[in-house]
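Peer 1: Please read through the structure below; I'll follow up with questions.
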């Protein structure tokens, strides 16, 4: 290894998505190009993010350079191939052993570039790493690359990983609507969708409305206070129109007093072991409809597949995730540091984005909610403007490699 | 319409699958050929099965003849495009008004061929329609075409619809295993899979073991008595080996006293409205692991997508579903009646099936369980012989038509 050349390191952090490995693949592509141009030594991957890095758990990713098949497989592998962590660094001014350990590993491995792919909490790590390096005078270029299915980071049109989750949700809801349409008996189906704070994913359940004409009857986001009375009125209105009512609801909806709707079921309920028991929002509403209206009712919690169904990834999302990773590497080489990469939507008829960046200190620890103009005035559905914003993000399908009927996934280390 | 030519009618019944419309497409292909050869008039579809038929709810399917694009879209549409029903006919010897109404509609529309696509209960309808036609001397050729995701019909190697559900389950479990692998904190993930009586679908969660080397640590089928003590021992054994334990369990597992495992949670639990509350098998085991072992634990109920995720249909399943529908039509023309179509696996290195049939009276109202040689002796996993049986059924992927990021579904009438 040429000792004059600095190395780079990349880590993944926070919850998995179907696109975080595509972003990793993008960083690898950038590193591969820089390596072949003699600008860097190699690219290391942190195992389990900053938590593994402090213990020297790094793996050389040079085997991916120039290996298009491995890059392809990695781009279609869900979750975080390097492993993840949920580790909050201490305040920069306090410092602490973890900083000592991390910077000693960086120094030992001649690392001058630090890439961190993650959500809100991970951008906090990026900001602190950048500030700490400056504080101790260690020459480190630090770049955050966003990912989150929740789409709730500020300073970007949308987040890598969101489009694939949105496509999974929109498609699955279309299939559920087909399934629910087969019987003539009045029935209510409640689909519970991820998103504790922001309703972006739940909003995506409605995309079919402007594509196939079929969508949930009502959509409830956490941006609006949930009223059981209004909800029951909506359900009855829908049942008056047709027998197969489908409702989409965010796991994070709350009553006016701040309680989660799922908590309602907890108050009285004890499990077999006598413990209090949080049933989940969909289940709580299922029980409420059964008690109030008495018709056939079921709830479906879409659960983990929302963030890991890579077989149905959005083509747009994966391409953009690759692009943002590769661009991050280029910008780091050009001297950018302490920034989070971001997307800006280009004005015009055709959807297009350009990759930009923001000082990470300005975007970390903030939440971007679904804006008022994306929610109908009754608060029980999304507007066409919302769907027009969402639609380009789910377009396109990946060509997935299958072996013996199962998708081929890439395992690192 | 040539009045000398008899018409045919086809219906769908019972729970939806991702392949029941492919079988309908197969029947349409058979009818289209017969029509062009001057052997039948037209093919009608019953809306909502026998229940709609008795009220004259039929739709002419001739618009599908020779329209390959419509046939393709229909073959990739989940659930039952004609609608379904759950109607049990009275005993033949008792007769009754419903028979009068049904046969009057058949006569009015000059129908001589009756195709019914469905599961166990639907084969009961096939047997009764055949017997009743003979009893009253109405010349009706009656054929049952099997479908069920549960794979629990006797007299066939497997059922159309099962392969697609199995592929969805096996793939989703692979993705969940990726997702669960990202953290180093010990955690147990319990995946609840459909199949109240037979464990075929739950067994499919293990297919990865012989393809990718990754599969659930343990798999519990309803064919074996569930012991909470043995289960806890298994979970501890798995946690000793690695931090990310994944368990697959059938919704239908029961304790030695016959209670469903999900019922355990009902005994003490009341919902917000004071009602007893069945939590589901996965949730019950989640709560049990939390109480007993205290590690991080989550449960995932795969729910409806198991039977309606047509975007991930098995290529083998859809091709066979088309084939069995088309063959059913040919055999009916050749004079076969009162039979259910079936698959026989051809002996040999390469997987192949031939379409056969059984007298429907011999197969209706029976259940085919996972046999002993497919379950390991400890009762907590499946054998390689089981996986070798399952693997060919999930092979192949469909080319799905997408528009604006969503699959194109076919809507009839």
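Peer 1: Mind checking A:299-310 for the average number of partner chain beta-carbons within 10 Å of each residue's beta-carbon?
Peer 2: The per-residue average across the peptide is 6.
Peer 1: Here is a follow-up. Could you work out the mean projected area of the convex hull around the alpha carbons of chain B, in square nanometres to one decimal?
Peer 2: 22.9 nm²
Peer 1: Across all directions of projection, what mean area in square nanometres is found for the Cα convex hull of region A:323-402? Please list the in-between numbers first.
Peer 2: On the way: hull surface 34.9 nm².
Averaged projected area of region A:323-402's Cα convex hull equals 8.7 nm².
Peer 1: Can you compute the modelled spin-label distance between residue B:138 and residue A:108, with each label point 7 Å from Cα toward Cβ, in nm?
Peer 2: 8.3 nm
Peer 1: With springs only between Cα atoms under 10 Å apart, run a GNM on chain A and tell me which of A:324, A:211, A:297 wobbles the most.
Peer 2: A:211
Peer 1: Quantify how strongly other chains surround peptide B:202-208 by giving the mean number of their Cβ atoms within 10 Å of each of its Cβ atoms.
Peer 2: Partner Cβ neighbours, averaged per residue: 1.
Peer 1: Stokes-Einstein at 25 °C, 0.890 mPa s, Kirkwood radius from Cα pairs: D for region A:165-307 in µm² s⁻¹?
Peer 2: Once the numbers are plugged in, D ends up at 160 µm²/s.
Peer 1: Follow-up question, since we're still on this one. How much length, in nm to one decimal, is gained on full extension between residue B:68 and residue B:385, taken as 0.36 nm per residue of separation minus their Cα-Cα distance?
Peer 2: Taking 0.36 nm per residue and subtracting the Cα distance, the gain is 110.3 nm.
Peer 1: Next up: How would you rank A:92, B:363, A:261, going from fewest to most other Cβ atoms within 10 Å of each one's own Cβ?
Peer 2: Values: A:92 18, B:363 23, A:261 26.
If I rank by nearby Cβ atoms, fewest first, I get A:92, B:363, A:261.
Peer 1: Using alpha carbons only, how many angstrom separate the centre of region A:382-413 from the centre of region B:186-210?
Peer 2: Cα centroid of region A:382-413 versus Cα centroid of region B:186-210: 24 Å apart.
Peer 1: Rank the residues B:117, A:300 as a footprinting-exposure proxy: fewest other Cβ atoms within 10 Å of their Cβ go first.
Peer 2: Fewest to most other Cβ atoms nearby, the residues stand as A:300, B:117.
Peer 1: Using 0.36 nm times the number of residues separating residue B:210 and residue B:346, minus their current alpha carbon distance, what extension gain do you get? All intermediate terms of the calculation are to be shown ahead of the outcome.
Peer 2: Working: separation 136, 0.36 × 136 = 48.96 nm, distance 2.18 nm.
Answer, rounded to one decimal: 46.8 nm.
Peer 1: Calculate the FRET efficiency for residue A:59 and residue B:293 from the Cβ-Cβ distance with a Förster distance of 45 Å, rounded to the nearest 0.05.
Peer 2: FRET efficiency, residue A:59 to residue B:293: 0.90.
Peer 1: How far is it, in nm, from the label point at residue A:187 to the one at residue B:97 when both lie 7 Å from their Cα along the line to the Cβ?
Peer 2: In this crude label model, residue A:187 to residue B:97 measures out at 2.6 nm.
Peer 1: What is the average number of partner chain Cβ atoms found within 10 Å of a Cβ in B:329-335?
Peer 2: If you average over the peptide's residues, the count of other-chain Cβ atoms is 0.
Peer 1: Using a Förster distance of 56 Å, how high is the FRET efficiency between residue B:37 and residue A:256, based on the Cβ-Cβ distance and rounded to 0.05?
Peer 2: It comes out at approximately 0.25.
Peer 1: By the gyration tensor of its Cα atoms, with a ≥ b ≥ c the square roots of the eigenvalues, what is the shape of region A:363-413: rounded for a/c under 1.5, prolate for a/b over b/c, or oblate?
Peer 2: Because a/c hits 1.5 or more and a/b exceeds b/c, region A:363-413 counts as prolate.
Peer 1: In deg cm²/dmol, rounded to 500, what helix-only [θ] at 222 nm does chain A give when every DSSP H run of at least 4 residues adds -39500 (n - 2.57) and the total is split over its residues?
Peer 2: Values: 14 runs with 148 residues, N = 413.
-10500 deg cm²/dmol, from helical runs alone.
Peer 1: With a bin width of 10 angstrom, please list the P(r) values of the protein assembly as shown as percents of all Cα-Cα pairs, from the 0 bin to the one holding the largest distance.
Peer 2: 3, 13, 21, 24, 20, 12, 5, 2, 1, 0
Peer 1: Still on this structure, please answer the following. Determine, for B:260, A:220, the number of other Cβ atoms within 10 Å of each Cβ, and report the residues in order from fewest to most.
Peer 2: B:260, A:220
Peer 1: What share of the DSSP beta bridges in region A:165-307 is antiparallel, in percent to the nearest 5? Write out the running numbers ahead of the final one.
Peer 2: On the way: 2 of 18 bridges.
Expressed as a percentage, antiparallel bridges in region A:165-307 total about 10.
Peer 1: Roughly what angle does helix A:97-108 make with the longest principal axis of chain A, taking Cα atoms, 0 to 90 degrees, to the nearest 10?
Peer 2: 50 degrees
Any read-out appearing in this document is the output of simple, stated calculations on the displayed coordinates, not a laboratory observation. From a predicted model like this one, the values you see are computed outputs, not experimental measurements. Methodologically, a virtual Cβ is constructed for each residue, glycine included, from the backbone with ideal geometry; neighbour enumeration extends over all protein chains shown.
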